[in-house]
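Data block below; observations after.
Please treat every number below as a calculation from the coordinates, not as lab data. All values reported here derive from a predicted model rather than from experimental measurement. Cβ placement follows ideal geometry from the backbone for every residue including glycine, while neighbour counts extend to all protein chains displayed.
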Amino acid sequence: MSNTKRCWIGIDPGVSGAMAWIIEGQKAQVIDYDPIACCEALRAMVKKHECFAVIEEVVVTRCKREGRTSAFRYHTNWATWKGWLEMAGIPFARLRPAQWGKGIITRKGEERKEQAREVAANLYPEVRESLQRKSDHNRAESIIMAHRAKILDMTGEDESEVDVPC
């Protein structure tokens, strides 16, 4: 197993979310959330690589913008991703946006989404074409989460050390 390459995965579990991965010595890749494609990609990764993932965890509370249906969909997707990671035996960290974006994303609100696209394209130019539209912020965020997974894995930093208040 010592010659096995490391693979770092970032998951935005939202309904319009995405999954990105970085394999040691290779270019970053990203795909939109599609249950079959994502499950197959995870299965292929775990067969060839030692993997570590970061999955976004958002505390969804009822407010004007988030209704019960939206919260239910988010948590259903989150639980699906969690189950896939556990079944594949992939260790993972559950990080809130303020945690995975610490030191990388500094803006708030809609500007945060735009900055995520810029940062992801600068960190991994090979995915720049996948980040052209405003709606591609989920792809960008999953790439940054994969980047955070790499940092956590390579430094041995505990995800609790990344804790910052939301």
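Values as computed for the structure displayed
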{"quantity": "For segment 1-61, alpha-carbon Rg and Dmax in angstrom", "calculated": "12.4, 45"}
{"quantity": "Burial order of peptide ranges 36-47, 133-144, 111-122, 13-24 (average beta-carbon count within 10 Å, highest first)", "calculated": "133-144, 13-24, 111-122, 36-47"}
{"quantity": "Along principal axes, Cα extents of segment 78-159, largest first, whole Å", "calculated": "34, 25, 25"}
{"quantity": "Links that overshoot a 19 Å alpha carbon limit, given the list LYS5/LYS102; LYS102/LYS134; LYS5/LYS27; LYS113/LYS150; LYS5/LYS47", "calculated": "LYS5/LYS102; LYS102/LYS134; LYS113/LYS150"}
{"quantity": "Cα-only radius of gyration and Dmax that characterise segment 6-160, units Å", "calculated": "14.5, 45"}
